[in-house]
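All remarks here apply to the structure that follows.
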Amino acid sequence: MTDRLRPHTGTPRLHATTTAHPNPEDDTMTANHRTTAPRATDAAAIRALLERGAAAWADGDGTAYGACFTEDATDVTYVGTVYHGGEEIGRAHQALFDSFLKGTRLILDITDLRFYGTDTAVVVTRGDVRKGGTPEQDGKQGKVGKLATYTVVREADGRWRIAAVQKTQRKPLMEAVSFRFQPATRPAAN
């Protein structure tokens, strides 16, 4: 099960089922279980952060998108471009929203959320960028071709922001070949 960040059509929605976590001392939220309070509040705040980013993307608002990042954040795109700082990330994305990414929306499925201490978490998502419509309308809701790993931090003002994100385009054929010829490379989660 994953948490899907729906495309922005007014208020972004997150569909999830919450189940009791087997060990309340464990700071992990995965597809198999969820954290309980007080981590549940932090997990909700982190999901809201990613929803704000997806909403800013759908609105074509680079400034709002950049505001989701720390002042010294790093954004490594799936094509290998590296942006530094929320301001640069927002400026660059505004140029993209005004051209190549005009009218697109960001789809994210949270597949893993792990806390490291009280103010740092790592979030792994599967997702994609789609042009217009909704996943149900374009018939591709099950096909997401990108992975992203976010490092998020709680800053001095108490708000969670993205300190780093690294995006990777998934290559299912190459992955299948690797697993076929070297089964030991298959992760336990597959």
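The values are calculated or read from the model by the stated rules, or taken from the named source; none is laboratory data. Since this is a predicted model, take the numbers as computed values, not measurements. Cβ placement follows ideal geometry from the backbone for every residue including glycine, while neighbour counts extend to all protein chains displayed.
Which is over 19 Å from residue 66 (Cα atoms), outside any strand (DSSP E or B) and at pLDDT below 95, of 133, 80? Let's see the steps before the verdict.
Numbers: 80 fails: over 19 Å from residue 66 (Cα atoms).
It is 133.
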Counted residues, the stretch 143-190 - those being small (Gly, Ala, Ser) and either within 29 Å of residue 64 (Cβ to Cβ) or modelled with pLDDT of 95 or more (or both): 6
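On the given criteria, is residue 60 in contact with a Ser or Thr (Cβ under 9 Å, 6 or more places away or on another chain), surrounded by fewer than 22 Cβ atoms within 10 Å (Cβ to Cβ) and under 22 Å from residue 154 (Cβ atoms)? Don't jump to the end; show me each part of the working.
Details: in contact with a Ser or Thr (Cβ under 9 Å, 6 or more places away or on another chain): yes; surrounded by fewer than 22 Cβ atoms within 10 Å (Cβ to Cβ): yes; under 22 Å from residue 154 (Cβ atoms): no.
No; evaluated as a whole, the condition is false for this residue.
Can you go through 71, 88 and tell me which one is over 18 Å from residue 160 (Cβ atoms) and either of a type in the set (Asp, Glu) or out of contact with any His (no Cβ under 7 Å at 6 or more places or on another chain) (or both)? Spell out how you get there, then give the answer.
Working: 71 fails: over 18 Å from residue 160 (Cβ atoms).
Checking each option against the conditions leaves just 88.
Would you be able to tell me the number of residues in the stretch 83-109 that are without any contact (Cβ under 8 Å) to a residue 60 or more places away in the chain and in a strand (DSSP E or B)?
To start, the set of residues in the stretch 83-109 that are without any contact (Cβ under 8 Å) to a residue 60 or more places away in the chain comprises 83-85, 87-104.
Add one more test, that the residue is in a strand (DSSP E or B), and what stays is 83-84, 104.
Final tally of qualifying residues: 3.
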